[in-house]
Amino acid sequence: MTIEKRIAELKNTIPQHVTLVAVSKNQSCDRIMEAYHAGQRHFGENRVQELMSKKDHLPADILWHHIGHLQSNKVKFIAPFINLIHSVDSLSLLNEINHYGIRNNRVIDCMLEFHIATEESKYGLNLEEAIRILSSDQFQLLQNIRVTGTMGMASFSEDEDLIFNEFKTLHDHFQTLKNQFFSLDPVFKDISMGMSGDYKIAIRAGSTMIRLGTTIFECKN
Ligand SMILES: *Cc1c(COP(=O)(O)O)cnc(C)c1O
């Protein structure tokens, strides 16, 4: 199947309220353009250098997402154009993004990353830490960022119940934060969860944004 057919098929099967982010890391600009011609506009990259080297060769109406861990010292490169930063897990990173939001005279959308998997990880918050960030005086001062939701990755496992429960946990964290901090804020609305191997489970658990690489790009042409 071609990339174009794969995208068309995905758009037909995923619910309307779910945004498809095509994860184009390790993919050439030619292959990205195949997806673009199929109408795909949301693309995700996890390495700033790779994103910067591709971006200028691609159409300006692509909405770029940064997925995966972002180092503070790389924020300045993507701040002028990035559509959404998925994996923010500290107040200091939010602060840095806000700083470059001010410099670029824009408000930058971010999501809070949670650690929901059984595997050890340096990255991702727990609920308590997220509440601490959102309750802090420092957070209230950040006018050039917006928190649009929560993001997470499930365990690499064959156990569908385990994966579903982890996604459900992320969904519950979203709801808790929504109730406590964003009940009047329509901007806080998204749950970024689901990759090629588990996006169907993620959608069942309430995902509004799936990040698919392999299933789009590793198809046979
Ligand atoms: C690579 C990556 C994806 C896409 O993974 P696939 O299994 O290829 O769909 C999604 N999210 C993050 C954070 C990634 O790094």
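Quick notes
- Residue satisfying all of: in segment 164-187; closer than 28 Å to ILE216 by Cα and among the aromatic types (Phe, Trp, Tyr); surrounded by the fewest Cβ atoms within 10 Å (Cβ to Cβ) among these: PHE164
- Within segment 127-154, considering residues that are within 13 Å of HIS171 (Cα to Cα) and outside any helix (DSSP H, G or I), the one most open to solvent (accessible area, probe 1.4 Å): MET153
- Selection status of GLY206, more than 16 Å from the ligand (Cβ to nearest atom), at positive phi and either touching a Lys or Arg at 6+ places or on another chain (Cβ under 8 Å) or among the charged types (D, E, K, R) (or both): yes
- Residue in segment 6-22 that is of a type in the set (Asp, Glu), open to solvent by 50 Å² or more (accessible area, probe 1.4 Å) and over 24 Å from GLY206 (Cβ atoms) present: no
- Contact map, segment 183-210: residues that are at pLDDT 95 or above paired with residues that are in a helix (DSSP H, G or I) and within 12 Å of the ligand (Cβ to nearest atom), Cβ distance under 6 Å, separation 6+ or inter-chain. Pairs shown: MET193/ALA202; GLY194/ALA202; SER196/THR214; SER196/THR215; ILE210/TYR199.
- Taken over segment 188-207, the criterion of being assigned to a loop (DSSP other than H, G, I, E, B) and either open to solvent by less than 10 Å² (accessible area, probe 1.4 Å) or more than 23 Å from HIS37 (Cα to Cα) (or both) is satisfied by PHE188, LYS189, MET193, GLY194, GLY197, ASP198, ALA205, GLY206, SER207.
- Reported count of residues in segment 72-94, each being within 16 Å of the ligand (Cβ to nearest atom), open to solvent by less than 50 Å² (accessible area, probe 1.4 Å) and more than 14 Å from the chain's Cα centre (by Cα), is 2.
To keep it simple, each residue is scored yes or no on (1) surrounded by fewer than 21 Cβ atoms within 10 Å (Cβ to Cβ); (2) within 16 Å of the ligand (Cβ to nearest atom).
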site: ARG31; (1), (2): yes, yes
site: GLU45; (1), (2): no, yes
site: VAL48; (1), (2): yes, yes
site: LEU51; (1), (2): no, yes
site: ASP56; (1), (2): yes, no
site: HIS69; (1), (2): yes, yes
site: GLU96; (1), (2): no, no
site: CYS110; (1), (2): no, yes
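- Segment 166-203, subset among the aliphatic types (A, V, I, L, M) and closer than 25 Å to GLN40 by Cβ, residue nearest to the ligand (Cβ to nearest atom): MET195
- Test: PHE156 is among the hydrophobic types (A, V, I, L, M, F, W, C) and either out of contact with any strand residue (DSSP E or B) (no Cβ under 9 Å at 6 or more places or on another chain) or modelled with pLDDT under 95 (or both): yes
- Some residue of segment 155-174 being under 22 Å from LEU70 (Cα atoms) and assigned to a loop (DSSP other than H, G, I, E, B): yes
- Among (1) in contact with a His (Cβ under 7 Å, 6 or more places away or on another chain); (2) in a helix (DSSP H, G or I); (3) within 16 Å of the ligand (Cβ to nearest atom), the one test that ILE7 misses: (1)
The values are calculated or read from the model by the stated rules, or taken from the named source; none is laboratory data. This is a predicted model, so every value here is computed, not measured. A quick note on method: Cβ atoms are made from the backbone with ideal geometry, for glycine too, and the neighbour counts reach across all protein chains shown. SASA here: full protein model, heavy atoms, side chains in, ligands and nucleic acids out. Shrake-Rupley method; radii C 1.70, N 1.55, O 1.52, S 1.80 Å.
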